Structure formats: structure tokens, C-alpha cells
Amino acid sequence: MDFQDDLIVIGAGSGGVRASRIAASLGAKVSVIEQAPLGGTCVNLGCVPKKLMVYAAHFAEEWRDAQHYGWDVQEPTHDWAKLIRRKDQEIARLNATYERMLVNAGVTILRGTARVVGPHEVQITHPDGAVSLRGGKHLLVAVGGKPKRPSFPGAEHVLVSDDLFRLPALPRRVGLIGGGYIGVEFLGIFQGLGAEVHLIHHDALPLRGFDQDVRAHLTDELRLNGAKLHLGRSVTRVDRLDDGVLEVTLDDGETLQLDALVAAIGRAPNTERLGLREQGVVLDERGGVVVNGHFRSTVPSIWAVGDVINRVALTPVALAEGMAVARRLFGGLETEMDYEHIPSAVFCNPNVGTVGITEAEARARFGAVDIYRSTFRPMKLTMTDRASKSLMKLIVDRASQRVVGVHVVHPDAGEIVQGFAVALRMGATKSMLDSTLGIHPTAAEELVTMRTPID
Ligand code: NDP
């Protein structure tokens, strides 16, 4: 059969764009279909604008700390509208860069909404209402996910992360439901920018899946920053009062008066209305595309990568998955995607950075483990009135002495852990860390100078 394209990619986010560019560079004829600005969640409604807002929030602390270093600082004020305008300009620049990259790679960009209507056919509804059909030897579904919405009475008053990037003004009192990545990151953003913040989380600690010490330490830090933590609590209803204020009722009967309530309770694959089931593509119970180890769905010509497959919802993972599919289809490379040692950072205040496994996972897997842990006041804060502490933790398999987990809570945790991710992939042992000289004075040197296991 002759097709217009060798590969049709649905979704120009991290995974889709990477797959398109690599496939085109390997000689494939590629089209990518996108209904929204190019770059997907990461560029438009996720990692990038979020990190810009994290930077914006962090200046508040910098200004306060600066006074202890001799700077005469007037009480600063923040202009939310300007931040959003500047952020939008930067995102528009990135959208244009993505377009240029795709065009330069020889990829055809098709604007519109895709629906899979055959194993090789996609129907595109274009912005002007016109409908066209496109055929491809392979289809790659890379449509990502979208925020889940809660279902309690009054849920229509609740915002999700997509809304936070275009709020007209900074809400004075904000509640965040969910102690995951987005909940704690936006807690820090809103707080840094001057809002009163409430975290409403159904578990005793935020960041399930992270090391227990990290979770406990971060919780203390959030409290120290002044966040109001409603742990072990759920929202039962929300009412908008006559003055526009939201009255939020918790399951213990407490009520909170807030100006905005945000649900950050996870994301769901974006497969509704894509027509995949009708074509025989099996979806999991959350709507994610079920794929094999090579990202092939139950329909052999249809592949899927990124958040839509419900594995690890992180940009670098989607990039690697997209690259793996393109190289397999058009480069003859048969390598398996390696999900071991995926580092990640949570850009809350302070940041959490982690690679490898938690202490609990290590005990279950290896039995005997050595734990090294250090909590200390970062040097930069010693001349200030801030009591914030950092946490560094190493988990070592006692038998092999391999380092199997590195966990950091520190303003630069993401930056610190990236390098240690290389070490873990290379199989670093504790003695290799011991024989590595520190860079003095830094916080990261703590990770190569911890000598005595606490356990
Ligand atoms: P997460 O899965 O990280 O967190 C969801 C939170 O909501 C958890 O604390 C969860 O609790 C809680 N929760 C789940 N369901 C409910 C419910 N019905 N009612 C109340 N609380 C609930 O999702 P996010 O939305 O924060 O982020 C989505 C994903 O995006 C992340 O998992 C991550 O993969 C990615 N991301 C990555 C970032 C980064 O790399 N820095 C930044 C932002 C997002 P429990 O865990 O107990 O179920």
C-alpha cells in the first residue's frame, strides 16, 4: 500500500516532536498533527512555564536574605500580570523555535484535531472546520494527558494546573488539593509570590513514592515556610459565597475561606475522542494506550509514547521513548528503553531531587542496606534568620556496596542530583563516592563526605 507518510505523529509535545525530528532525520516522510501551540504540556502548560514561575517566586526569598548580607532592600512588590505577560512571550518564542525545528527537519505540520479512523488513517478537523484524511504506514499517538478533576459538590469552582498559567491576578488565599508534584510546586509558587497557601492532602505526608525521610523533611520545610497543611484531610464540598469567596469544607468539618482552590490530583491520558478503541487499540482502565516493550499498541501499525501510555509522566522519559520508536522504525535500532535510574526533581521550596530507590524499596529488595543521612543548614542561610535545613541521604546495598538511592532536599537539589544520576547508572559504589574529592564549600560535597552509616 502507498501512504502519504511513513509516520503520522499525533501530538507535537515532547515525545511527538522528538520522534518526528529523529524519524525525518533518518529519511522518513513525517507529518505531525497538533491542535494546540507546539511543544505540548511541557512547553505550554507544564515544566517550562512552571519553572519560570518558580524562579519568579524564589526572588522573594532572595530579597529577604539579601538584607542580611548588607543590602538595603525596599519592601518589594510583585506584578502578576507582568509575570504572565513575560512568561507568555517566552513560551511564544519556544513555540516558534519548535516550529522552526520541525520545518528544518522536513516534518509537515498539520494544524487540527486528529481522530484515528483506520489502522493507517487519521481524520483531521482543521481550525477552519475543513476535514481531511491522511494515511501513514505507521501512526504514533503522543497526545499526552490532562489534569483530572474532582467530583465533590461544587467541583465546578475548582481550578486545575492548566488554569494557573493564565489567572488574571494572584489569588490572595489559595488551596491546593493533592500532595503530588504539582500540588507542592504550586504551593511554593503562590507562597513565594505572596499568597496565603493551604495544602489539602488525604495522606499524612506529601509525595507518595518518595523516600520517607524526604517526605517528612519536606513537610517540616513547608510548615516552616508558613504553608497551612491540612494532612489526612479531604475536601467534601465547595460553595461560592455571595462575595465570590470559596467556602471549602473538609472531611473533619473545618471550613476554609479561599479565593482559589486548585485540584492537583493527577493527570489522565488524553485518549477520549481519539477513536483508538474503535480501531481495536486496547486502553488500560485509566484510558492509557497499552503498548509492548517497543511502544507498539495492540494494532501493529499504531504506536504510542509519553504520558498517554501511563508509565512515567516525565518529559525526558517521553523524549527517550519517542527517540526509541523513531530509531526502531527507521534506523533499525532494536535497543530497549531503560527505565532504571530515572532522576527527577520536584521544584517545590526547597527542591527535592532523587535518583534510584527509596530506603523502603532498598530494604525490600536487598535486605541489608547502609543508610547515610545528613541534615544541615545551607551555608547561604547561616547569615540569615531562616531556619531552613537541607537533607542529603544515600542508600547503599550492604552486600555489593553499590549506591542505590540518592535523595536530596535543598534549593539546588535538581542540579545536584543530575550528576549523581550518571554515577548511579555507572554502578557507583560507596567507596567510589568516598574517594571523590568534594568541591568546597558546596552543599553537594556532603554527598561525598558522609562516612558513617546511621543504620
Ligand atoms: P501526582 O500523581 O504527582 O500527585 C497527585 C496527588 O493527588 C497525590 O498526592 C495523590 O495522593 C493525590 N490524589 C490522587 N487522587 C486524589 C483524589 N481523588 N482526591 C484527592 N487527592 C488525590 O500528580 P500531579 O497532578 O501532581 O502531577 C501529574 C504528573 O505530572 C506527576 O506525577 C509527574 O509525573 C508529572 N509532573 C512532573 C513534574 C516534575 O518533573 N517536576 C512537575 C509536575 C508534574 P496519593 O499519592 O496518596 O494517591
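Rule-based calculations on the coordinates, nothing more; no lab input. Everything numeric here is computed off the predicted structure, so don't read it as measured data. So basically every Cβ, Gly included, is an ideal-geometry build from the backbone, and we count neighbours across all protein chains shown.
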> Which value at 222 nm does the chain reach when only helices count, each DSSP H run of 4 or more adding -39,500 (n - 2.57), with the total divided by all residues and rounded to the nearest 500 deg cm²/dmol?
Replying inline: -9500 deg cm²/dmol
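Only counting other Cβ atoms within 10 Å, I'd like PHE420, PHE210, PHE3 sorted with the fewest neighbours first. Walk me through the numbers on the way to the answer.
Numbers: PHE420 26, PHE210 19, PHE3 16.
Going from sparsest to densest Cβ surroundings: PHE3, PHE210, PHE420.
What is the fewest-to-most order of ILE8, ILE22 by other Cβ atoms lying within 10 Å of their Cβ?
Working: ILE8 31, ILE22 22.
Ranking ILE8, ILE22 by Cβ neighbours within 10 Å, fewest first, gives ILE22, ILE8.
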> Taking a ≥ b ≥ c as the square roots of the eigenvalues of the Cα gyration tensor of region 231-384, is the shape rounded (a/c under 1.5), prolate (a/b larger than b/c) or oblate?
Replying inline: oblate
>> So for region 1-99, averaging the separation of alpha carbon pairs under 8 Å that are six or more residues apart and normalising by length, what relative contact order in percent results?
In response: 25 percent
> For region 269-333, what's the relative contact order in percent, using C-alpha pairs closer than 8 Å and at least 6 residues apart?
Replying inline: 24 percent
> Too long at a 18 Å Cα-Cα cut-off: which of LYS51/LYS82; LYS228/LYS380; LYS51/LYS393?
Replying inline: LYS228/LYS380; LYS51/LYS393
> What is the percent of Cα-Cα separations in region 1-89 that go past 19 Å?
Replying inline: 60 percent
> Over all Cα pairs of region 277-367, how is the pair count split among 10 Å bins, expressed in % and running from 0 up to the last occupied bin?
Replying inline: 14, 36, 31, 16, 3
> Taking the Cα atoms of region 1-151 alone, what are Rg (to one decimal) and Dmax (as a whole number) in Å?
Replying inline: 20.7, 74
> With each label point set 7 Å from Cα along the Cα-Cβ vector, what nm distance links SER151 and SER374?
Replying inline: 4.9 nm
>> For region 276-330, compute the orientation-averaged projected area of the C-alpha convex hull (one quarter of its surface), in nm².
In response: 3.6 nm²
>> Give me P(r) over region 124-281, computed from all C-alpha to C-alpha distances, binned every 5 Å, as integer percentages.
In response: 2, 8, 16, 18, 16, 12, 8, 7, 7, 5, 2, 0
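At a temperature of 37 °C and a viscosity of 0.692 mPa s, determine how fast the chain diffuses translationally according to Stokes-Einstein, using the Kirkwood radius over alpha-carbon pairs as Rh; express D in µm²/s, rounded to the nearest whole number. Can you show the working numbers first?
On the way: Rh = 23.9 Å.
For these conditions, the coefficient is 137 µm²/s.
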> Under 21 Å Cα-Cα from LYS148, which lysines qualify once same-chain neighbours fewer than 8 residues away are excluded?
Replying inline: LYS50
>> Can you compute the FRET efficiency between LEU241 and ALA216 using 1/(1 + (r/R0)^6), with r the Cβ-Cβ distance and R0 = 51 Å? Round to the nearest 0.05.
In response: 0.90
> For region 85-117 and region 139-166, what is the separation of their Cα centres, given in Å?
Replying inline: 22 Å
> Separation of region 181-223 and region 233-265 by C-alpha centroid, Å?
Replying inline: 18 Å
> For the residue pair ILE342 and VAL131, what label-to-label distance in nm results when each label sits 7 Å from Cα along the Cα-to-beta-carbon direction?
Replying inline: 3.7 nm
> Semi-axes of the equivalent ellipsoid of region 158-230: what are they in whole Å, largest first, if each equals the square root of 5 times a C-alpha gyration tensor eigenvalue?
Replying inline: 21, 13, 10
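For Cα pairs less than 8 Å apart in space and 6+ apart in sequence, what is the mean separation divided by the residue count of the chain, i.e. the relative contact order in percent? Walk me through the numbers on the way to the answer.
Numbers: 961 pairs, mean separation 69.8, N = 455.
Reported relative contact order: 15 percent.
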> What ranking do SER435, SER297, SER151, SER400 get, fewest neighbouring Cβ atoms within 10 angstrom at the top?
Replying inline: SER151, SER435, SER400, SER297
